[in-house]
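**Q** Sharing a structure, written as structure tokens. Questions coming.
Bear in mind these aren't lab numbers, they're just calculated from the coordinates by the rules spelled out. Fair warning: this is a prediction, and the values are worked out from it, not measured in the lab. Using ideal geometry, Cβ is built from the backbone for each residue, glycine included, and neighbour counts are taken over all protein chains shown.
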Amino acid sequence: MRETEKIYIAGHTGLVGSAILRRLQSDGYKNILVRTHKELDLEWQKEVENFFEKEKPEYVFLAAAKVGGILANNNFPAEFIYKNMIIETNIIHSAYKNGVKRLLFLGSSCIYPKLAPQPMKEDYLLTGQLEPTNEPYAIAKIAGIKLCQAYNRQYATKFFSVMPTNVYGPEDNYNLENSHVIPAMIRKFHLAKLAIKGEWQMIKKDESLYGSIPKDVMDNLRSISSTSGQSKAFRLWGTGSPRRELLYVDDLADACAFIMNLEDLLFNEILGGDQLPLMNIGCGKDQTIKDLASMVAGIVGYTGGIEWDHEKPDGMPRKLLDICRIKELGWQPKVSLDQGIKLAYQNYMAKY
């Protein structure tokens with residue numbers, strides 16, 4: 001990508017899109033196209049077609065998606081499959097019609113089977129049953145990968161998919177109804193710290209910044225408050241035994257820029273002919289949710305106990321990506337988990 005070429009970032013206000021935007025701006029790109037949801041509704045085909053016909057972007061980062069954790073995926077399965085499939089279909093088709101040079105589609109590690117061998121290689125896709133708690137979202141993302149593959153085969157486009165592991169960092173979603181593991185833990189432990197100190201005005205301020213607190217969480221906060229006379233621990237979902245790999249979002253943005261800027265020969269090689277145009281992005285290390293909770297609690301400063309609600313779902317038992325393909329190209333992450341969580345918590349507190 002040259003600095004003057006038109007680059008469109010779909011989903012630039014989200015966690016991943018905003019990181020890609022920061023990265024490109026810091027690298028000196030001067031012709032970046034962005035649109036808010038109000039300016040461009042990606043679920044409306046005609047609006048997307050008109051945008052592409054008018055602006056003619058040369059490169060596209062497709063980071064727009066409806067995302068959420070286990071609770072949101074369980075409660076809104078139709079929304080997750082419909083919204084994601086229609087967004088990616090509209091953008092990928094318009095990119096083809098308007099001669100986009102390269103498109104990078106952001107997927108998710110949940111595309112792989114629930115019981116896939118670990119670490120998960122790209123060719124494990126569609127080799128087993130998906131995790132039921134996020135199956136609609138996973139199917140939508142698999143459809144996006146297959147769209148890229150089909151358009152490449154039929155129209156000789158250069159559309160590529162990257163499958164990031166669990167991502168966290170600045171501009172994350174801290175709404176406890178649909179947040180992922182790191183932002184949910186950061187907020188819950190921060191609220192628990194405030195509750196232990198009896199700082200209810202600060203808890204109200206947190207609600208005004210990051211959304212309402214679910215009843216079960218609020219009841220738990222009251223039970224550990226300094227005014228409750230009780231000593232119950234703060235509850236988290238599941239058993240704490242699943243293992244998760246976490247990637248700081250700026251590292252993901254770095255990987256996306258790295259892939260998009262590969263020389264033509266290398267880029268054509270990773271497209272893979274009839275193989276899936278797919279590459280994992282991760283850090284190559286994982287840890288249990290229980291160990292992760294202890295790390296986040298320590299960084300946030302929560303000193304109370306933690307108990308696990310075994311009646312709540314765990315999700316996939318393990319999700320660790322094989323990142324050999326991108327490492328062989330010369331890329332590797334730079335931000336450690338401890339450093340990344342500290343940066344994420346600093347970003348969380350910056351709005352106070």
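**Q** Which of the trypsin sites (Lys or Arg not before Pro) across the range 1-77 are loop residues per DSSP, with 13 or fewer other Cβ within 10 Å?
**A** Answer by residue number: ARG2, LYS30, LYS38.
**Q** Connecting C-alpha atoms closer than 10 Å in a GNM of the chain, tell me which of ALA293, ALA184, ALA78 has the biggest fluctuation.
**A** Answer for the Gaussian network model of the chain: ALA78.
**Q** Put a dot 7 Å past each Cα toward the Cβ at TYR82 and GLU263; how far apart are the dots in nm?
**A** Rounded to a tenth, the inter-label distance reads 4.8 nm.
**Q** Given a Förster distance of 51 angstrom, what is the FRET efficiency for ILE270 paired with MET218, based on the Cβ-Cβ distance and rounded to 0.05?
**A** Values: r = 48 Å, r/R0 = 0.95.
Computed FRET efficiency for ILE270 and MET218: 0.60.
**Q** Spin-label point model (7 Å from Cα, Cβ direction): what's the GLN45 to LYS204 distance in nm?
**A** With each label placed 7 Å out from Cα toward Cβ, I get 5.1 nm.
**Q** Kindly list the residues of the range 1-15 that lie in the label zone of LEU329, defined by a backbone N under 15 Å from the point 7 Å along the Cα-to-C-beta vector.
**A** Residues passing the 15 Å test: 1.
**Q** So which of LYS101/LYS121; LYS30/LYS342; LYS285/LYS342 end up more than 20 Å apart, counting from Cα to Cα?
**A** Over 20 Å Cα-Cα: LYS101/LYS121; LYS30/LYS342.
**Q** In whole percent, what relative contact order does the chain give with Cα contacts below 8 Å and a gap of six or more residues?
**A** On the way: 639 pairs, mean separation 70.9, N = 352.
Over the chain, the number comes to 20 percent.
**Q** Could you tell me the calculated FRET efficiency between THR288 and GLN129, based on Cβ-Cβ distance and R0 = 25 angstrom, to the nearest 0.05?
**A** With R0 = 25 Å, the Cβ-Cβ based efficiency is 0.60.
**Q** OK, next. Modelling each spin label as a point 7 Å along the Cα-to-Cβ direction, I'd like the GLN346/GLU171 distance in nm, to one decimal.
**A** Going from the GLN346 label point to the GLU171 one covers 1.8 nm.
**Q** Oh, and also: With a Förster radius of 41 Å, plug the Cβ-Cβ distance of ARG153 and ASP309 into 1/(1 + (r/R0)^6) and report the FRET value to the nearest 0.05.
**A** Here the calculated transfer efficiency is 0.30.
**Q** Moving on. Please identify, among LEU265, LEU320, LEU125, the residue showing maximal mean-square fluctuation in a Gaussian network model of the chain using a 10 angstrom Cα cutoff.
**A** Residue with maximal mean-square fluctuation among LEU265, LEU320, LEU125: LEU265.
**Q** With each run of n ≥ 4 DSSP H residues scored as -39500 (n - 2.57), what mean residue ellipticity at 222 nm is computed for the chain after dividing by its residue count and rounding to the nearest 500 deg cm²/dmol?
**A** It comes out at -14000 deg cm²/dmol, rounded to the nearest 500.
**Q** Right, another one. Taking neighbour Cβ counts within 10 Å as the exposure measure, how do LEU247, LEU343 sort from fewest upward?
**A** Listed from fewest to most nearby Cβ atoms, that is LEU343, LEU247.
**Q** Charges only on Cβ, +1 for Lys and Arg, -1 for Asp and Glu: so what's the dipole of the chain about the Cα centre, in debye to the nearest 20?
**A** 500
**Q** With unit charges on the beta carbon (Lys/Arg positive, Asp/Glu negative), name the residue among GLN45, LEU71, ILE86 whose Cα is farthest towards the positive pole of the charge dipole of the chain.
**A** The Cα lying farthest towards the positive end belongs to LEU71.
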